[in-house]
Structure formats: C-alpha cells, structure tokens
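Visitor: Got a structure for you, questions after.
The values are calculated or read from the model by the stated rules, or taken from the named source; none is laboratory data. Here the structure is a predicted model, which is why all the values come from computation and not from measurement. Please note: Cβ atoms are built from the backbone with ideal geometry, for glycine as well, and neighbour counts cover all protein chains shown.
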Amino acid sequence: MFDFSAIQFVDVIEFIGTFAFAISGIRLASAKKFDLFGAYVVGLATAVGGGTLRDLLLGVTPFWMNNTFYLWCTLFALIFVMIFHNHLIRLDSAFFAFDSIGLALFVVVGAEKTLSLGFAPWVAVVMGTSTGAVGGVIRDVLINEIPLIFRREIYALACVIGGIVFITLSVTTNLNVIFIELSTAAVVILIRFLSVKYHLSLPVLKGERKDILKH
C-alpha cells in the first residue's frame with residue numbers, strides 16, 4: 001500500500017505554494033506590461049522571497065539554491081499565465097485565490113521548517129509569517145504598488161494567526177501532521193476570505209502629517 005508520508009506532503013505543499021505565489025506575481029507583472037523576463041523575475045521573487053529571508057535569519061542556505069525545482073516551477077507558472085492570460089488578467093478573484101493559497105501554504109512551510117531546526121515556537125510563528133508575507137511585499141515593490149501588507153486589508157495578521165494555530169496543534173496535540181498542515185492553511189485562507197468579503201481591517205493609526213513634517 002502506498003504510504004504518503006508527511007515529508008512528501010510538505011513537498012506537495014511547497015510546489016503548490018510556489019506555483020500559486022509565482023502566478024500571483026506574474027499576473028500582476030503582466031497587468032503592468034512587463035516583458036516575459038521581467039514577469040518571470042517578479043514571479044520568482046514572489047515565490048522565493050519570503051523563504052529566502054527566513055533561511056538567512058535561521059542561518060541555513062536559502063532553500064532554492066539547493067534545488068532547481070523552484071526555477072522550473074516559476075517557469076511553468078509563467079507558461080500557465082501565458083496560456084490563460086485573457087482569463088487571469090481580468091479576474092481579481094483569480095489573483096486573490098492564488099495569493100491566498102500561496103500565503104497559507106508558505107506559513108505552514110515556514111513554521112514547520114523553523115520548528116524542525118529546533119527554534120522556539122514563537123520564532124516559528126515569526127518565520128511562518130515572514131515566509132508567507134515577505135514574498136508579496138517584494139512583488140508589490142517590484143511592480144511599484146503599495147505592499148498589500150501595509151494596506152488596511154488583513155494580510156500579515158492572517159499569517160500570525162495561522163502560525164499560532166500550527167504551533168498550538170503541533171505542541172499540544174498528537175494530531176496527524178498532515179491534518180495540522182491542512183487545518184493551518186484552511187485557517188489562513190478563511191481569515192483572508194472573511195476579511196475581504198466583510199471588509200474587516202485593523203484600525204488605522206491616525207496622525208497629522210503636517211505636524212510630523214514640521215518636526
């Protein structure tokens with residue numbers, strides 16, 4: 001009987017997350033009229049940016065340097081966008097879906113890798129959030145947009161909550177690892193969906209810009 005291990009499932013999560021995030025980056029680059037190479041660079045930066053920062057902070061070799069899989073995965077994402085360009089470019093829901101999926105799955109990958117390296121649970125939450133959110137920040141900077149994480153829409157907070165869910169279930173229960181991974185991803189996606197559907201957001205920090213500039 002085929003034994004689908006948790007390690008193999010993490011590989012599947014990484015593939016889907018990389019593919020989804022790369023598509024979200026390439027799709028926005030396409031809307032900004034980037035050429036093919038520029039769109040590929042944006043897609044790759046979106047897919048590996050968060051994980052690269054995580055690995056550098058954890059003191060390990062950035063994951064994509066050990067495997068050409070991520071470069072090929074981004075290329076497949078570029079081809080996918082080229083084929084379905086007319087559908088994706090008009091659908092904000094497509095961007096939201098791919099971005100949310102990538103965000104959720106990378107939170108899982110980041111938190112799980114941090115724990116496996118022996119770091120404290122709170123560090124795993126921070127690294128899970130970084131893995132999920134930083135790629136999107138790099139994407140938005142490259143296409144000259146205000147990063148989604150800095151807008152009123154709930155984004156990084158969804159990562160933090162997802163990381164807490166993952167750590168709590170991992171440390172306090174004996175649940176199957178795959179179930180914990182799927183549950184965490186589902187929580188992140190659900191928070192993103194509800195925040196957009198019901199226009200939920202964090203309070204805005206108000207201040208007088210003219211007074212700040214005078215000082």
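Visitor: Being over 16 Å from S201 (Cα atoms) and either modelled with pLDDT under 95 or more than 14 Å from the chain's Cα centre (by Cα) (or both) is the filter; apply it to the range 145-169 and report the residue that is surrounded by the fewest Cβ atoms within 10 Å (Cβ to Cβ).
Guide: I146
Visitor: Looking for something under 20 Å from V10 (Cα atoms) and modelled with pLDDT of 90 or more - is there at least one such residue anywhere in the range 191-203?
Guide: no
Visitor: Could you list all residues from the range 177-207 that are without any contact (Cβ under 8 Å) to a residue 12 or more places away in the chain and assigned to a loop (DSSP other than H, G, I, E, B)?
Guide: Listed by number, the residues that qualify are Y198, H199, P203, L205, K206, G207.
Visitor: On the basis of being at negative phi, surrounded by 18 or more Cβ atoms within 10 Å (Cβ to Cβ) and assigned to a helix (DSSP H, G or I), does A104 make the cut?
Guide: yes
Visitor: Considering the range 30-45 alone, what residues qualify as being at pLDDT below 95 and assigned to a helix (DSSP H, G or I)?
Guide: S30, A31
Visitor: Taking V126, is it surrounded by 14 or more Cβ atoms within 10 Å (Cβ to Cβ) and assigned to a helix (DSSP H, G or I)?
Guide: In short, yes.
Visitor: Something else: Within the range 175-196, identify whether any single residue is among the small types (G, A, S), under 11 Å from V108 (Cα atoms) and surrounded by fewer than 18 Cβ atoms within 10 Å (Cβ to Cβ), and answer yes or no.
Guide: Yes, that holds for at least one residue.
Visitor: Next up: So which of S116, S130 is in contact (Cβ under 8 Å) with a residue 60 or more places away in the chain and small (G, A, S)?
Guide: S130
Visitor: Condition first: of a type in the set (G, A, S) and either in contact with a helix residue (DSSP H, G or I) (Cβ under 6 Å, 6 or more places away or on another chain) or in contact (Cβ under 8 Å) with a residue 40 or more places away in the chain (or both). Can you find one or more residues in the range 159-168 that meet it?
Guide: Looking through the range 159-168, at least one residue is of a type in the set (G, A, S) and either in contact with a helix residue (DSSP H, G or I) (Cβ under 6 Å, 6 or more places away or on another chain) or in contact (Cβ under 8 Å) with a residue 40 or more places away in the chain (or both).
Visitor: Contact list please: Cβ distance under 8 Å, first residue in the range 40-57 and free of Cβ contacts under 8 Å to residues at least 40 places away in the same chain and among the hydroxyl-bearing types (S, T, Y), second residue buried (at least 24 other Cβ atoms within 10 Å of the Cβ) and part of a helix (DSSP H, G or I), pairs at least six apart or on different chains.
Guide: Y40/I26; Y40/T74
Visitor: Would you please name the residue that is surrounded by the most Cβ atoms within 10 Å (Cβ to Cβ), looking only at residues in the range 15-64 that are of a type in the set (S, T, N, Q) and within 17 Å of A133 (Cβ to Cβ)?
Guide: If we take residues in the range 15-64 being of a type in the set (S, T, N, Q) and within 17 Å of A133 (Cβ to Cβ), then T46 is surrounded by the most Cβ atoms within 10 Å (Cβ to Cβ).
Visitor: What are the pairs with Cβ atoms under 8 angstrom where one residue, in the range 68-87, is exposed (fewer than 14 other Cβ atoms within 10 Å of the Cβ) and in a helix (DSSP H, G or I) and the other, located anywhere, is modelled with pLDDT of 95 or more and acidic (D, E)? Sequence gap at least six, or different chains.
Guide: Every condition considered, no pair remains.
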